[in-house]
């Protein structure tokens, strides 16, 4: 059975982006937003995204709580599908005890929004690092992490953009803590990116060898009604499996590529009637 959520398609991000709040130990949205696309209206898409999601951050989690909770459950059901060697609860609790070599499992949650993806994966990791264009989303992400009793070493987000074409290695993200990740994930932010291929390449560069890129986003759909306030922040209206596979392969993370449909369905309304959007999760390993 599909979980059904009533809400406007693009404000969720998943963001708990944008996505993107993650709850539980742990987004988003997972909801995500965009980084670096440009439209010819005097404002870059990044600026439009930043403004839109800053306004959205304060109400994002409460507005989409049921949808985001279901999304987190779906992500947790797919930790085996993602396929890294997660930390289990026993290990987590034993960490730091004498004679116990602490194993690290680190996640980069890009276009992290309020932290849905991070909150979903937190029980299986030792560290979640969020990056988002919107400083308000970042503030919400960090407040939620703190409220759950998580330290900044366990879960913390930063405002920034890894996808500026002319800036392959932003100075604010050169420290070792911003590379060598086991997982890099984008929860419902990919359709906001001006250049998804570049985004995948930049994220792949933050993975260790054998690390996994995870993309959670919408299947291809017709162009949404231009009256929706998020429309100006959307660059791509969903993806086909073939497109996503090509993006993963082009970024050097096509090994063991797999894509799976999620059971949660997003509903949004437009003049012509209700539209349902289906989600997929894709994963690929950095060779």
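Quick look at the values:
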| quantity | calculated |
| --- | --- |
| Members of the range 131-147 found to be buried (at least 17 other Cβ atoms within 10 Å of the Cβ) and within 15 Å of residue 119 (Cβ to Cβ), listed by number | 132, 137, 138, 140, 141, 142, 144, 145 |
| Condition check for residue 284: more than 21 Å from residue 112 (Cα to Cα) and either modelled with pLDDT of 90 or more or in a strand (DSSP E or B) (or both) | no |
| Residue, surrounded by the fewest Cβ atoms within 10 Å (Cβ to Cβ), within the range 154-170, restricted to residues that are more than 14 Å from residue 206 (Cα to Cα) and more than 19 Å from the chain's Cα centre (by Cα) | 166 |
| Single residue of the range 89-112 satisfying the filter (in contact with a helix residue (DSSP H, G or I) (Cβ under 8 Å, 6 or more places away or on another chain) and at pLDDT 95 or above) that is farthest from residue 54 (Cα to Cα) | 105 |
| Filter result (more than 24 Å from residue 277 (Cα to Cα), assigned to a strand (DSSP E or B) and touching a strand residue (DSSP E or B) at 6+ places or on another chain (Cβ under 6 Å)) within the range 185-218 | 207, 211, 212 |
| Unmet requirement for residue 66, which otherwise passes all of (1) at pLDDT below 95; (2) assigned to a helix (DSSP H, G or I); (3) over 26 Å from residue 134 (Cα atoms) | (3) |
| Failed item, numbered, when residue 223 is tested on (1) out of contact with any strand residue (DSSP E or B) (no Cβ under 9 Å at 6 or more places or on another chain); (2) modelled with pLDDT of 95 or more | (2) |
| Top-ranked residue of the range 173-204 - restricted to ones that are touching a helix residue (DSSP H, G or I) at 6+ places or on another chain (Cβ under 7 Å), modelled with pLDDT under 95 and closer than 21 Å to residue 75 by Cα, ranked as surrounded by the most Cβ atoms within 10 Å (Cβ to Cβ) | 192 |
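Here's the yes/no breakdown for (1) part of a loop (DSSP other than H, G, I, E, B); (2) closer than 26 Å to residue 70 by Cβ; (3) out of contact with any strand residue (DSSP E or B) (no Cβ under 9 Å at 6 or more places or on another chain):
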residue	(1), (2), (3)
120	no, yes, no
144	no, yes, no
153	yes, no, no
164	yes, no, yes
169	yes, no, yes
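The values are calculated or read from the model by the stated rules, or taken from the named source; none is laboratory data. Please read these numbers as outputs of a predicted model, since none were measured by experiment. All Cβ positions, even for glycine, are placed from backbone atoms using ideal geometry, and neighbour counts span all protein chains on display.
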